[in-house]
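What follows draws every value from the coordinates through simple rules; no lab data is involved. As the structure is a prediction and not an experimental result, all values here were calculated from the model. Backbone-built Cβ (ideal geometry, glycine too); neighbour counts: all protein chains shown.
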Amino acid sequence: MFDWFADRRRKKLIQTPFPASWETIVRSNVAHFCMLENAQQDHLRDLVKVFVAEKNWVGAGGLELTDEIRVTIAAQACLLLLGLAHNYYRNVESIIVYPSTVVPPQRRPSFFDNTIAPAEIAHPIIGQAFQNGPVIIIWDAALSGGRHPESGHNVIYHEFAHKLDMLDGMADGTPPLQDRTEYHDWVLICSREYLRLKKDAGKGRKSFLDAYGATNEAEFFAVATEQFFDQPQRMRENTPDLYRVLQEYYNQDPSERVSRNTCTG
């Protein structure tokens, strides 16, 4: 019954016109929108309308939420969904947005925590995704990443890749895949490239992938997703197998569209 109501509500949202002000926001703040084909742009507009309406948006740190903030974040998050079978990030209920880099409060250990383990040290973040909780986004980082894909860093792609990874209940660097063959290929390629990055990072050697991806398998997938969308040609040249498995998962080919730009001005 809930699915029926949700589907009906979403169909109504999709049928509503995409606001002209939102179009201006997306074209100004999300560089990838200008590289999409017309049908993909239409699809992204539909995804954004539903995403903005369904998620609980919370301004924090004195930030007053605006359409620009919601639409800019939604368009980048939904870009990852363009080729996926999805339910609009069903594991994301709330998005908390801070104006700039923040140090989150230190989490207090629960009764069930291992008290022998060292306490987590709070440190500055530009984004954070929780297994059974919200996504935290820093607005100035989200805006910069959306406008400047050439940097290779995008907090939205990173944190929402984590939420895709978490759809099967674990943040282990392997999102839900189609079949055993795809899982085998994914594990083979991603494990190899993760270990290579970890070795390079341990020896202080620079890689085209950000060294933060060597933290663990989950961070590797999130970092690789950033590079896949923002520097696809570089990834394809350096690790064609990694590009291929991400292309097959996302069902998108960013390297093919980087030369396309339908935005003027």
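Kyte-Doolittle cut-off 0.0, length cut-off 30 Å along the helix's own axis using Cα: show which whole DSSP H helices in the chain pass. Counting only whole DSSP H runs, no helix qualifies. Our estimate of slack between Arg257 and Cys34, defined as 0.36 nm per intervening residue step minus the Cα-Cα distance, is 79.3 nm. Here the label points at Arg244 and Asn87, each 7 Å from Cα along the C-beta direction, are separated by 3.3 nm in the simple model. For segment 27-106, taking the reciprocal of the average inverse distance between every pair of different Cα atoms yields a Kirkwood hydrodynamic radius of 13.7 Å. With the highest mean first, a sort of the peptides 139-152, 167-180 on other beta-carbon atoms found within 10 angstrom per residue produces 139-152, 167-180.
Protection proxy ranking for 127-136, 57-66, using the average of other Cβ atoms within 10 Å per residue and placing the highest first: 127-136, 57-66. Extension gain, Leu13 to Gln178: 0.36 nm times the residue separation minus the Cα-Cα distance gives 56.5 nm. As a rough guide to protection, the peptides 223-234, 39-50 ranked by mean Cβ packing within 10 Å, highest first, stand as 223-234, 39-50. Taking the Cα centre of the chain as origin and assigning +1 to Lys and Arg Cβ atoms and -1 to Asp and Glu Cβ atoms, the resulting dipole is close to 200 debye. Taking the Kirkwood radius as Rh and the Cα radius of gyration as Rg, segment 1-70 has a ratio of Rg/Rh equal to 1.02.
Translational diffusion coefficient of the chain (Stokes-Einstein, Kirkwood radius from Cα pairs, 37 °C, 0.692 mPa s): 169 µm²/s. Within segment 189-265, the proportion of C-alpha pairs whose separation exceeds 19 Å stands at 34%. Estimated at 0.36 nm per residue, the fully extended path between Asp42 and Leu167 surpasses their Cα-Cα distance by 42.4 nm.
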